[in-house]
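Notes follow the structure.
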Amino acid sequence: MQVNVQKIFGKWDIGYSLDKQTISSVPIGSNDFGYMQYDTTRTEVGEALYQLKYKSDRSKVAMLAKQIVDSLGNPFQSASVIIPMPPSKQRFFQPVKEIAKQVAELMNVPYNENLLVKASSTDQMKNIPSEERIKVLCSAFKVNDVLADGQYNVLIVDDLYDTGSSLEAATVMLKQYAKINKIFVATITRTKR
């Protein structure tokens with residue numbers, strides 16, 4: 001799989017994204033319900049993620065996890081626990097959790113989906129001024145004391161890096177937990193920024 005890895009910056013110690021989500025998206029007209037339709041060209045990684053999330057092609061989990069490890073494994077080799085970014089939308093099948101589990105297995109690092117959880121829902125972030133987003137998101141996350149004594153480097157796996165607000169809030173909350181040393185972030189895709 002072809003990727004265009006880019007460093008992403010935030011409150012975390014190290015962060016990388018595999019590739020952009022889309023290459024182009026051209027409006028092609030409205031559907032029967034009045035919603036604009038688009039002809040979207042995605043990157044190879046973006047298409048795999050789209051097929052997983054919206055077409056339920058679970059075969060993409062292993063492919064995306066392997067790509068994260070192949071492309072980003074070195075910077076994250078000191079990770080001692082891997083967690084998924086808590087989902088913003090509840091689904092029967094959570095793609096990010098499944099990818100994070102596979103990454104943990106491939107890296108031979110413990111996986112924990114209960115360390116950072118979403119304790120409450122939030123309004124859509126586009127409705128919240130940017131300077132307030134991280135504060136609002138922090139109140140939605142909860143860190144559980146589920147790690148044995150010691151210091152841990154946490155790798156957060158997420159599907160999309162856009163503004164970074166959710167990952168920033170997750171990082172702020174995790175840094176308040178005394179057992180966390182460093183926080184790493186790996187996202188599959190990013191917006192065009």
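Counting just the residues of the range 97-139 that are over 19 Å from Tyr152 (Cα atoms) and modelled with pLDDT of 95 or more, which one comes out farthest from the chain's Cα centre (by Cα)?
Let us first name the residues in the range 97-139 that are over 19 Å from Tyr152 (Cα atoms), namely 97-99, 102, 118-139.
Okay, now just the ones that are also modelled with pLDDT of 95 or more, so 97-99, 102.
Numbers: Lys97: 9, Glu98: 12, Ile99: 10, Gln102: 14 Å.
Across the range 97-139, the extreme among qualifying residues is Gln102.
With the requirement that a residue be under 26 Å from Ala148 (Cα atoms) and crowded, with 17+ Cβ neighbours inside 10 Å, what does the range 95-108 give you?
Correct list: Val96, Lys97, Glu98, Ile99, Ala100, Lys101, Gln102, Val103, Ala104, Met107.
All but one of (1) modelled with pLDDT of 95 or more; (2) hydrophobic (A, V, I, L, M, F, W, C); (3) surrounded by fewer than 18 Cβ atoms within 10 Å (Cβ to Cβ) hold for Phe33; which doesn't?
Condition not satisfied by Phe33: (1).
Go through the range 13-53 and report how many residues are out of contact with any Gly (no Cβ under 9 Å at 6 or more places or on another chain), not charged (D, E, K, R) and not in a strand (DSSP E or B).
Counting residues in the range 13-53 that are out of contact with any Gly (no Cβ under 9 Å at 6 or more places or on another chain), not charged (D, E, K, R) and not in a strand (DSSP E or B) gives 12.
Check the range 65-72 and report whether any residue there is among the β-branched types (Val, Ile, Thr), without any contact (Cβ under 8 Å) to a residue 40 or more places away in the chain, assigned to a helix (DSSP H, G or I) and surrounded by 12 or more Cβ atoms within 10 Å (Cβ to Cβ). Quick ask: steps written out before the conclusion?
Residues of the range 65-72 that are among the β-branched types (Val, Ile, Thr), as a first pass: 68-69.
If we keep only those that are without any contact (Cβ under 8 Å) to a residue 40 or more places away in the chain too, we end up with 69.
After this cut, where a residue has to be assigned to a helix (DSSP H, G or I) as well, the list is 69.
Remaining after also requiring surrounded by 12 or more Cβ atoms within 10 Å (Cβ to Cβ): 69.
There is at least one residue in the range 65-72 that is among the β-branched types (Val, Ile, Thr), without any contact (Cβ under 8 Å) to a residue 40 or more places away in the chain, assigned to a helix (DSSP H, G or I) and surrounded by 12 or more Cβ atoms within 10 Å (Cβ to Cβ).
The values are calculated or read from the model by the stated rules, or taken from the named source; none is laboratory data. All figures in this text were calculated on a predicted structure; none of them were measured in a lab. We place every Cβ from the backbone using ideal geometry, glycine too, and count neighbours over all the protein chains shown.
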